[in-house]
1. Right, THR104: within 27 Å of LEU297 (Cβ to Cβ), within 16 Å of the ligand (Cβ to nearest atom) and polar (S, T, N, Q) or not?
2. Look at the range 26-45 and say how many of its residues are surrounded by fewer than 23 Cβ atoms within 10 Å (Cβ to Cβ) and either more than 10 Å from the chain's Cα centre (by Cα) or farther than 21 Å from ILE335 by Cα (or both).
3. Only one of TRP541, TRP521 is open to solvent by 10 Å² or more (accessible area, probe 1.4 Å), in contact with an Asp or Glu (Cβ under 7 Å, 6 or more places away or on another chain) and among the aromatic types (Phe, Trp, Tyr). Can you tell me which?
4. Do you know which residues across the range 22-34 are within 15 Å of the ligand (Cβ to nearest atom) and out of contact with any Ser or Thr (no Cβ under 6 Å at 6 or more places or on another chain)?
5. Could you run through the range 223-235 and say how many residues are open to solvent by 50 Å² or more (accessible area, probe 1.4 Å) and at pLDDT 95 or above?
6. Of the numbered conditions (1) more than 13 Å from the ligand (Cβ to nearest atom); (2) basic (Lys, Arg); (3) more than 29 Å from VAL507 (Cβ to Cβ), LYS44 satisfies every one except a single condition; which is it?
7. For the range 253-265, how many residues are part of a helix (DSSP H, G or I), more than 20 Å from the chain's Cα centre (by Cα) and either buried (at least 18 other Cβ atoms within 10 Å of the Cβ) or not assigned by TED's automatic domain parsing to the domain that holds ASP93 (or both)?
8. State the number of residues belonging to the range 75-113 that are in a loop (DSSP other than H, G, I, E, B) and either open to solvent by 80 Å² or more (accessible area, probe 1.4 Å) or assigned by TED's automatic domain parsing to the domain that holds PRO511 (or both).
Amino acid sequence: MTNSKESFYTTTPIYYVNAAPHLGTAYTTVATDALARFARSTGKDTWFLTGLDEHGQKIEQAANAEGKAVQQWVDEIAPEFKAAWEALEIEYDDFIRTTEERHTRGVQHFFETVYNNGYIYKDTYQGYYCVPDETFFSDEQLAEFAEAREGEGLPSKHEDGNPLCPDCCRPLTYMEEENLFFKLSAFEKPLLDYYEAHPDFIQPDIRRNEVLSFVRSGLKDLSVSRTAFTWGIPIPFAPGHVSYVWVDALLNYITAIGYGSEAPEDRELFARRWPAQVQFVGKDIIRFHCVIWPAMLMAAGLELPQQVFAHGFLLTKGEKMSKSKGNAMDPFALIDTFSTDGYRYYFLRDVQFGTDGAISLERMLQVYNADLANSWGNLCSRALNMTAKYLGGKTPELWEKTTKRLTEEMGNPLAKLVADGLQSRYAACFSAKNYSGAMDVVMQLVDAANLYIEQSAPWALAKAALVEAEEAEARGEDLAEATAPTQADRLAFVLSNVLESMRIIAVLFAPVMPATSAEVWRRLGLGDVLAVDDQESVCIWGGLPAGLETTVGEPLFMRLTEDDL
Ligand code: MSP
């Protein structure tokens, strides 16, 4: 089967199963979901992959601590992630778990290929390892960290004498093991050449610069197998060795789309999906994704993804939010208070994607009330109420008859805002992963529509239309035959413009707030499913059909107070 649509493959990192889904993992996932939804709405053949990282020493230890068989333990946790993503309306196309057979097969195929290509050799690893981060640290890295800590008057060693992890400050473990090594050093120059030829490969630029200077300072070969434990994927040509968990995990991006399978449908799927368009990661895992991952792909003779985009951290009270610091907020509790759409909107609107962002309940309340309850929600309830009251709950019939004359007479700022490239400004923000900018563009139309209601005062037009009708009746005239626009025409014109804006706003908000956008679509009488695959043409002004039955409904977003927190 051939598909003529442009392929758009996007991924989240796969999450460690030892922690329940939290705001940080939800953040990456919501952002990826919004981009995937946007891509679908512009007609791309979209594929969105997420999943779980289930191997490695950390997971094995966590399961042991619970006294459970590891597979049983990970099987119990996986549904928690799926439930969280469902609650957040995450519309993924595939969910991979690294304990699946398709993944094992692909990882083993990768090891064999890279071994045959001459990039794997055996040696002894002696040095420190961070189990919580599943990361090796070289003596140079530790010395650099120790110097920096001393400069700040802080210890660089744990009381047990082991050095602290330069990333998470937890004590490292000393390791001496026979390992397989990957010749990462052979890729220093090819990587630097690649970064130079593809300036968009690592984004934003601050992360690109960070990676460039790391690679320029020299790459060491990487230990890619472990022999001290067994919870991993066995390496076919090295009995007793299991894959280093990061190599295993990174490969999910291709094993999920058929890599390593000979079946014709898998080969076709792989050809169609790879390389990915955008791979999202947090800034803490950029070296794995921008150095090790592309080198692995080069070693296996595969193409590199078009872009790795790193977002920043969500900070509460100035600190990275994390379970170990006890400052993690529970996504489920927030969804209960703010609704799924309110949640999704806040994180994408209020934090500039790509930089760290301070988040707080107080701020969330403010943004929710201002943008959603008071602006967008209020616009919908006013417009739908007035349509019910003044137009019998139907979208007006008057578009063709009076639009041109009334536009000349009254102007149409909303049509103008849309015609002046609203959708293309919005799409440009999405392409740059500037979610906040995209939401800002849509809010301009929301604000303009609310202002337009104030300025054109439909309630006054309704009153005037009544008086006009009574007067005409007294004169024995039929207003339907009037050649000049009547007050009723003006009223219908104004409400048409507001309802038409709502239609366009619903389409543009849909990638971030799918549920409420679909609800507005229904209330406008446009149907039960809001599914757009040509956003640009759907957002051309004037697409709202006449005679649709509208529904008022409950407020889209209930106003909240501090007592609700
Ligand atoms: N399993 C690895 C990824 C393997 S991908 C081949 C991993 N998993 S993780 O569960 O620790 O979390 C991954 C993602 O959550 C990272 O992208 C990380 O940046 C993100 N976040 C965790 N805490 C965060 C914040 N406080 N703020 C924003 N995102 C952060 O790493």
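The values are calculated or read from the model by the stated rules, or taken from the named source; none is laboratory data. Predicted model, so just to flag it, every value in this text is computed and none were measured. Don't worry about glycine lacking a Cβ; one is built from the backbone with ideal geometry, like all the others, and counts go over all protein chains shown. Keep in mind that these areas ignore ligands, DNA and RNA; they rest on the heavy atoms of the full protein, side chains included. Shrake-Rupley method; radii C 1.70, N 1.55, O 1.52, S 1.80 Å.
1. yes
2. 5
3. Going through TRP541, TRP521 in turn, the sole match is TRP541.
4. Selection gives HIS22, LEU23, GLY24, THR25, ALA26, TYR27, VAL30, ALA31, ASP33.
5. Number of matching residues: 1.
6. Failing condition for LYS44: (3).
7. 1
8. So the count comes out to 1.
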